[in-house]
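Here's the structure we're looking at; comments come further down.
The values are calculated or read from the model by the stated rules, or taken from the named source; none is laboratory data. In this text, all values refer to a predicted model and were calculated from it rather than measured experimentally. For neighbour counting, all protein chains shown are included, and Cβ atoms are generated from backbone atoms with ideal geometry for every residue, glycine included. Protein only, heavy atoms only, side chains kept; ligands, DNA and RNA dropped before computing areas. Shrake-Rupley method; radii C 1.70, N 1.55, O 1.52, S 1.80 Å.
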Amino acid sequence: MSEMKKSTVAVIDYGMGNLHSVAKALEHAADENTSVIVTSNPAVIDAADRVLLPGVGAIRDCIGEMHNAGLVPSIKKAMAEKPFLAICVGIQSLMSHSEENGGVDCLNHFQGNALFFGEKHIDHDGSKLKVPHMGWNQVKQTINHPLWTDIPDNARFYFVHSFYVVPENKSEVAGTCDYGLEFCVAIARDNVFAVQFHPEKSHKDGLQLYKNFLQWNGKP
Amino acid sequence: MGLAKRIIPCLDVDNGRVVKGVQFVDIRDAGDPVEVAKRYNEQGADEITFLDITASSDDRATTVHMVEAIASQVFIPLTVGGGIRTCEDIRRMLNAGADKVGINTAAVFNPEFVREAAQRFGSQCIVVAIDAKKVSAEGETDKWEIFTHGGRKPTGLDAVEWAKKMVEYGAGEILLTSMDRDGTKNGFDLGVTRAISEAVHVPVIASGGVGNLDHLVDGVIEGKADAVLAASIFHFGEYSIQEAKQRMTDAGIEMRL
């Protein structure tokens, strides 16, 4: 039997805690030839076949910890050359700037900003909407993309967030959601895909998205 | 199209096992929290909440292992409440795979704990649990107070004001239990649910008193709750989560089916 090289996916650990669910969901979606490595080591990220950038907590801490841990060069390198998926605050960290924490400059991979829904967010009919946007909402797939394979259009995913991204280049929007306004919840360019929701908490469709990521060759 | 209202089954756990009989057909071990969580997940639960009633703090390690085991197999949001008193308690639960923790009595005795927890871990994972009881007499303006110790000890705190304060301190969600209704099967206290839901900008979970599926509908439509939590109607096989979601959908409520 020929020896098959294991494919590796690096889950970037920049000290913001709870990566258990992300790692377990990836393992659940992975086949036997894939290993999931939770790491804060730039060399491991550089050597991985795919990279996942999770995000929890506030944006200032996220960006600060990425810099402190010396991970930004590896993150940028990965985004330049291999399948890369960012989730939740991860998508916000890839934008130019976020309104959170009084304004924070982000990694500027996608041009555009992360904006606050506002504490007085209202629905189309004028009724009050709760912030954070918490729970299961429908995601409209605005482009065809390998990461949407076998996921029905308007499938529900689990969200928890108070800020949303507004990319300047609308052709980069891969999915949208409606919560008082239609906003971008998935963004894609070349080998980089990022989502606002939590695939690891979104049951079957979330696991399918991870499976698609693990099979993705990085081509749109 | 839009955000769905949520149904959250709640399980009591003691020493890593589900207690208060949970009866499902063809389930081998109704006390195994992984099996129970998987079953509710298959039925379409939007989240699952565990209330840790373990008496000794030494046994909490068992709860941590339980959360790890569930989070490795059930991919929907998990909340753990009961006995959360320190940031270290929260850190352990989140690292084990819990998405949110519920803080109850500790918030009443030390509100600053909520602020500290929200700053350190983010509001999105801090649920403040409020046990409220009606204290106004008939004919008077409605008034509810916070009670501790299973509804036995009054605190003198106004429930609506307390909820607002907890949100100001960083609570990302309020779990509101009516101690008058808990266990009665007479339905939620819709008055306090609506008063708090309209007073705060974060989601409110209604709890206490569910006896049938119409109560769940009322909680959302009249109580303005963002999510409804129930235990016994699901545990004893009276209703499945699918049935509950269908009834709520028929009533015009947006649900994840």
- Task: Between beta-carbons, use under 11 Å as the cut-off and find the net charge around A:VAL139, counting Lys and Arg +1, Asp and Glu -1.
- Result: -1
- Neighbourhood net charge (13 Å Cβ-Cβ; Lys/Arg +1, Asp/Glu -1) for A:SER98: -3
- Message: If I model a spin label as a point 7 Å beyond the Cα along the Cα-Cβ vector, how far apart are those points for B:ASN212 and A:ASN41 in nm?
- Response: 6.2 nm
- Message: Taking the full set of protein chains and a 1.4 angstrom probe, give the accessible area of B:LYS38 in square angstrom, rounded to the nearest 10.
- Response: 80 Å²
- Note on the structure: Expected field for B:ARG91, accessible surface area in Å² at 1.4 Å probe radius, rounded to 10, holds 90 Å²
- Rounded to the nearest 10 degrees, the helix A:203-215 long axis (Cα) sits at an angle to the longest Cα principal axis of chain A of 50 degrees
- Could you tell me what fraction of 2.2 N^0.38 Å the Cα radius of gyration of the range B:117-257 comes to, as a two-decimal ratio? 1.05
- Item | Principal-axis tilt of helix A:72-81 within chain A, Cα atoms, nearest 10 degrees | 80 degrees
- Check: C-alpha center the range A:66-137 vs C-alpha center the range B:48-118, spacing in Å is 27 Å
- Task: Could you compute the FRET efficiency for B:GLU140 and B:ILE221, with r as their C-beta to C-beta distance and R0 at 25 Å, rounded to 0.05?
- Result: 0.45
- Message: What does the charge count around A:LEU129 come to, taking other residues whose C-beta lies under 14 Å from its C-beta (Lys +1, Arg +1, Asp -1, Glu -1)?
- Response: -3
- Give, as ranges by residue number, the residues of the range A:39-75 whose backbone N falls under 20 Å from the point 7 Å along Cα→Cβ of A:PHE116. A:56-64
- Note on the structure: The orientation-averaged projected area of the Cα convex hull of the protein assembly as shown, in nm², is 23.3 nm²
- Item | Surface share of carbon and sulfur [accessible, 1.4 angstrom probe, percent] for the protein assembly as shown | 47 percent
- Task: State the Cα centre-to-centre distance between the range A:154-220 and the range B:184-217 in whole Å.
- Result: 32 Å
- Message: Output the 0 to 90 degree angle, nearest 10, between the alpha-carbon long axis of helix A:20-29 and the longest principal axis computed from the alpha carbons of chain A.
- Response: 60 degrees
- Message: I'm checking a number: the convex hull volume of the Cα atoms of chain B, normalised per residue, in Å³. What is it?
- Response: 122 Å³
- For the protein assembly as shown, with the dipole built from +1 on Lys and Arg beta-carbon atoms and -1 on Asp and Glu ones, taken about the Cα centre, which of B:ILE146, A:GLY15, B:ASN212 lies farthest toward the positive end? A:GLY15
- Message: As an exercise, use a Förster radius of 41 Å and the Cβ-Cβ distance of A:THR176 and B:CYS87 to find the FRET efficiency, rounded to the nearest 0.05.
- Response: 0.65
- Item | Kyte-Doolittle mean at least -1.0, axial Cα span of 30 Å or more - DSSP H helices of chain B | none
- FRET efficiency for A:THR149 and B:LYS38, using Cβ-Cβ distance with R0 set to 22 Å, rounded to 0.05: 0.30
- Item | B:ASP250 versus B:GLU238: modelled label distance in nm, points set 7 Å from Cα along the beta carbon direction | 1.7 nm
- Note on the structure: Expressed per residue, the solvent accessible area of the protein assembly as shown in Å² (1.4 Å probe) is about 40 Å²
- Size of the dipole of the range B:96-156 about the Cα centre, Lys and Arg at +1 and Asp and Glu at -1 on the beta carbon, nothing else charged, in debye to 20? 160 debye
- Item | Nearest-20 debye value, the protein assembly as shown charge dipole, Cβ charges on Lys, Arg, Asp, Glu | 480 debye
- Query: When the helices in chain A are scored as -39500 (n - 2.57) per DSSP H run of 4 or longer and the sum is shared across all residues, what 222 nm value do you end up with, to the nearest 500 deg cm²/dmol?
  - Reply: -7000 deg cm²/dmol
- Both in Å, the radius of gyration and Dmax of the C-alpha trace of the range A:7-215 are 16.1, 52
- Task: In Å³ and rounded to a whole number, note down the convex hull volume per residue for the Cα atoms of the range A:36-138.
- Result: 128 Å³
- Please report, in debye to the nearest 20, how large the charge dipole of the range A:7-215 is about its Cα centre when each Lys and Arg carries +1 at its beta carbon and each Asp and Glu carries -1 there. 120 debye
